[in-house]
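Enquirer: Below is a structure I'd like to ask you about.
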Amino acid sequence: MRDKYTGIKLVLFDVDGVLTDGSLNVSSEGEIYKQFNVKDGVAIALLKAHGIRAGVVSGKRSAALDYRCEQLALDVVITGCSDKLSAAQQLVSEMNIEPSQIVFVGDDIIDLSLMDFVGVSYSPADGHVLAKKHASIILECPGGAGVAREVAEHILFSRGFSLEEMYQPLLIKDERSMVVQ
């Protein structure tokens, strides 16, 4: 199993239902805010500390999402995308990587073709039944409850890291630069 995880170079997350609980907070002016889990911010830092790029591929576009992506300094930000498979195929070409080197976390039917395209796919515990059927791994966390953290730790455990070893790069950094909100 370790070989499948050793070659991972990019982890992509859907947003609504994965990094959030899927709730939409809408007023007459549009979406007001999205609620993200701070644990997922640490997960992005953890992946990057181990040389794994991270990003989002979302069907929706919003100012709240743009702000969070900027905060996390994501390597890939694709929003307002109804054809996630084509977006990933383009990334494969642009980044000179293989589909097997990509992980994708999705929760709904719009994610199925991309889940089948990548090397490893995950679905949150509360993902749609078809997303869970297409997933390589079904997570314990529901969407918005630390999904990225569970995925990052699973990948690194699968590479043979202990919990202490995987977090070591974050622990040796200056605490002021490690704050991820």
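The values are calculated or read from the model by the stated rules, or taken from the named source; none is laboratory data. Only a predicted model underlies this, so the values are computations on that prediction, with no experimental measurement involved. Don't worry about glycine lacking a Cβ; one is built from the backbone with ideal geometry, like all the others, and counts go over all protein chains shown. For accessibility, only protein heavy atoms count, side chains too; no ligands or nucleic acids. Shrake-Rupley method; radii C 1.70, N 1.55, O 1.52, S 1.80 Å.
Enquirer: Roughly speaking, what is the stretch gain from Ile109 to Ser82, that is 0.36 nm per residue apart minus the C-alpha to C-alpha distance, in nm to one decimal?
Expert: Computed gain between Ile109 and Ser82 is 8.6 nm.
Enquirer: Heads up, I need the accessible area for Lys4: 1.4 angstrom probe, whole protein in place, Å², nearest 10.
Expert: 100
Enquirer: Shape of the range 87-150 from its Cα gyration tensor (a ≥ b ≥ c, root eigenvalues): rounded if a/c is under 1.5, otherwise prolate when a/b > b/c, or oblate? List each step's numbers first, then the result.
Expert: Working: a/c = 2.38, a/b = 1.77, b/c = 1.34.
Prolate, since a/c reaches 1.5 and a/b exceeds b/c.
Enquirer: May I pose another question? What lysines could a cross-link reach from Lys4, if we take a straight Cα to Cα line under 21 Å and drop same-chain neighbours fewer than 8 places away?
Expert: Lys48, Lys132, Lys133
Enquirer: Okay, next question. Under 20 Å from the Cα of Lys34, which lysines turn up, not counting those fewer than eight places away in the same chain?
Expert: Lys60
Enquirer: To the nearest 10 square angstrom, how much accessible area does Ile78 have with a 1.4 angstrom probe?
Expert: 40
Enquirer: When ligands, DNA and RNA are left out and all protein chains stay put, how many square angstrom of accessible area per residue does the chain have with a 1.4 Å probe?
Expert: 50
Enquirer: Share of antiparallel DSSP beta bridges in the chain, in percent to the nearest 5?
Expert: On the way: 3 of 19 bridges.
Within the chain, antiparallel bridges account for around 15 percent of the total.
Enquirer: Still on this structure, I have one more. Along the Cα-to-Cβ line of Lys9, 7 Å from the Cα, sits a label point; which residues in the range 65-94 have backbone N less than 11 Å from it?
Expert: 92-94
Enquirer: Give the calculated FRET efficiency between Ile32 and Leu130 to the nearest 0.05, with a Förster radius of 35 Å applied to their Cβ-Cβ distance.
Expert: The computed FRET efficiency comes out at 0.70.
Enquirer: Using a ≥ b ≥ c from the Cα gyration tensor of the range 31-132 (square roots of the eigenvalues), is it rounded, prolate or oblate, where a/c under 1.5 gives rounded and otherwise the larger of a/b and b/c decides, a/b for prolate?
Expert: rounded
Enquirer: Within the accessible area of the range 39-96, what % is carbon and sulfur when the probe is 1.4 Å and the other protein chains stay in place?
Expert: Percent of accessible area from carbon and sulfur atoms in the range 39-96: 44.
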